[in-house]
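Read the figures in this text as sums done on the coordinates, not as results from a lab. The structure presented is a predicted model; accordingly, all values stated were derived computationally and were not measured. Cβ placement follows ideal geometry from the backbone for every residue including glycine, while neighbour counts extend to all protein chains displayed.
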Amino acid sequence: MKKFLVILFSASACFNVYAEDVELPTIVISPTKYETDMSGIPSSISVIGESEIELKNAPQVKDILRYIPGVDIVETAPFGGQTSVFTRGTNAGHTLVMIDGVKVFNPISPDGSFNLSNLTLDNVERVEVLRGTHSTLYGSDAIGGVIDIITKKGEDKPKVWASFEGGSFVTFKEAVGSDGEMNGLHYSAAVSKFDTKGISKADSRYNNDERDPYHNTSISGRVDYDVFKNLIIGSTFRRTDAEIKVDDEGGYGGDDPNKRNREINTILSAYADVGIFEWWKLEFKGLWMKNDLYDKDKGDDFDPGEYLDSNYKGRYTSYQGLSILNLTKSDTLLAGIDYNEEEGDSFYNSYSPAWDYWYLSDPPRSKAHNVGYYLQNKLDAGENFHSISGVRLDDHSEFGTYDTYEIAAKYTFDWQTSVRGKWATGFKAPTLYQLYDSSNGDPNLKPEKSKSFEVGLGQSLFEGRLEIESVYYYTELENIIDWVATNLDLGTGRYFNVNKAKIHGIENQITIKPFDKIKINYEYTYLDARNELNHQYLNRRPRNKHALSIDFIPIENLSFNLSYLYVGGRKDVRWVETAPWVWTEEQINLKHYNKVDVSSRYVINKNFEVFGRIDNLLDERYQEVDGYGMPGIAFYGGCKATF
């Protein structure tokens, strides 16, 4: 791998690096909650735009996040398996995921994280990934980072499009949509249906031969209307309905032919932007999310008396007010207030013939609310110095008040060397499940808290044809909530604030544009994440990750992408029978893996294009979670018509 990179960079340096390449500035929203030039952001941020999404032909959000430095995607098999994101080594519940500013998660799940397995890229304009703590702007859940999926805003003359794709594992995807602008009304909408027979989620190498089908129907829409010059209103909507065939567990005997779940996620938002003066703007938003999860199992030949019927229903409502005040041309003051309310309801009924045991849980509906007040100042002193500082106070209905703050700055010298740094604190509120579950919860739990800093060094050469950046970060976590067994014989326990962790790492990025038609991007992440109490390495976080992406446009309208991903060895847990009917959780090692994907797109004319991709070109056999398999080499192809 090292020799390959040396040869690649040496060859790239021989190209004509002085060819003209004028690029428009990248505009982002997530670091400040208003449109800002990305070059003036002192925090670590990555943006995956619409052109990159199309070039890679990635079907889901999780597929493009894998190549972001400091971000690790872990799934219990493809096609609907539970998918978690670990940002800079923090826990899955420490990354805030939003769609058009709407927080998406499962309020009634133990850690309150969002399952990324069903989120498609239909009608997505770009994905912004903030790495590092951002609780000052977003409150709870933003200890590790923020992922904001932004729906496409309709522009230009209205058009209608339809696409079809098919491939390995009897997989088919059909989609239709329309977008455009008419007399100040911007709109975009898309509907897609994805079906596959899939593979066995429990690794087939452990004699699990049954396929696990997966079905996903997604609807997305956005409307923006320029009512007046100083008044814009709009709304977004997205609904995902996924039916998943699942297995009991990974490893031997994991297959279950009758176990299924269904997850329905719906979000709705409405906003109004009011320009009071040229130097003062107000924004108002109303946000709503619903997440319903159903699990069913009626037993099988191996275990005919097995029974499961459960559902988990979560709701989230938020009202936000924002004031953007331009104190001067270079100084902007942001002031905001958020009111968030979440509620959850669950029902669980199961029977295990092996243990001859019925378990029924029907706790009362639980609720919690939070009010957050925050200030943020962004200072741009010319083109060289940029800073962001902020403070926030949250008032939670259960644990009371908690304050966070951050300060970040960046300076770019005239010779295009940049230095930057950031210090921030963050927190994560206990989830409804951790607080109120009748068997496991504790209403006296305190919020998890963090403090972190990062320093970065960047260099731009040859008029932006070569970009290099390296960032070191350090995070301390305290009051980490974990489940602790209180009776080993009965298998009962409760949640406590028991753990601490220290995390540090390095993120390196190199982007080379030797010609207008070639772009090479290489990223390397080193991570050390340890539990401070037992000194064990945190599970499912690789110590080393390499990502290489090469975009190539040999002729007009024809493009190729080659993506390489190396994920180093990780720790995981496995239940081991140490004595008859006595099981102990042990930490194990998962093997590293290499993955190569290739995609291509050819635009025949303005109305028709074809595309294809090969996933896992080297047919690598690997696991991201112990006992759960990932697919080997797979082929997909399709076409798109636009009118």
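For the stretch 126-172, applying the loop criterion from DSSP together with a ceiling of 16 other beta carbons within 10 Å to the GluC sites (Glu not before Pro) yields Glu155. Projected label points at Glu278 and Glu174, each 7 Å from Cα along the beta carbon direction, are separated by 5.3 nanometres.
Inter-part distance, the stretch 93-169 to the stretch 71-85, computed on C-alpha centroids, equals 15 Å. When every Cα-Cα distance of the stretch 2-642 is counted in 20 angstrom steps from zero, the calculated P(r) takes the values 17, 55, 26, 2 percent.
Annotation: for a label point projected 7 angstrom from Cα along Cα→Cβ of Ser330, residues of the stretch 373-392 with backbone N closer than 15 Å are 378-388.
Here is how the number arises for the chain: DSSP H runs of 4 or more residues each give -39500 (n - 2.57), the sum is divided by the residue count, and the result at 222 nm is -1000 deg cm²/dmol. Net charge of the neighbourhood of His186, taken over other residues with C-beta under 11 Å away and scored Lys/Arg +1, Asp/Glu -1, is -3. Legend: calculated FRET efficiency, Trp575 to Leu457, from the Cβ-Cβ distance at R0 = 45 Å, rounded to 0.05, equals 0.50. Normalised by the number of residues in the stretch 301-407, the mean separation of alpha-carbon contacts (under 8 Å, six or more apart) gives a relative contact order of 23 percent. Label-to-label distance for Ala354 and Asn534 is 2.2 nm, based on points extended 7 Å past Cα in the beta-carbon direction. Normalised by the number of residues in the chain, the average gap of Cα pairs under 8 Å and 6 or more apart makes the relative contact order 12 percent. Each other residue within a Cβ distance under 14 Å of His535 adds +1 if Lys or Arg and -1 if Asp or Glu, for a net charge of +2. Note on Ala162 and Glu586: the model spin-label points, each 7 Å out from Cα along the C-beta direction, lie 5.7 nm apart.
How compact is the stretch 182-328 by the rule of thumb for globular proteins, expressed as Cα Rg over 2.2 N^0.38 Å?
Working: Rg = 23.1 Å, N = 147, 2.2 N^0.38 = 14.7 Å.
Working it through for the stretch 182-328, the quotient is 1.57.
Of interest is the spacing of the C-alpha centroids, which for the stretch 559-580 and the stretch 29-43 amounts to 34 Å.
Give the average over all directions of the projected area of the C-alpha convex hull of the stretch 32-191, one decimal, in nm².
On the way: hull surface 43.4 nm².
Mean projected area for the stretch 32-191: 10.8 nm², to one decimal.
Sorting the segments 233-239, 357-363 by their residues' average number of neighbouring beta-carbon atoms within 10 angstrom, most packed first, yields 233-239, 357-363. One Cα centroid belongs to the stretch 239-312, the other to the stretch 360-386; the line between them spans 23 Å.
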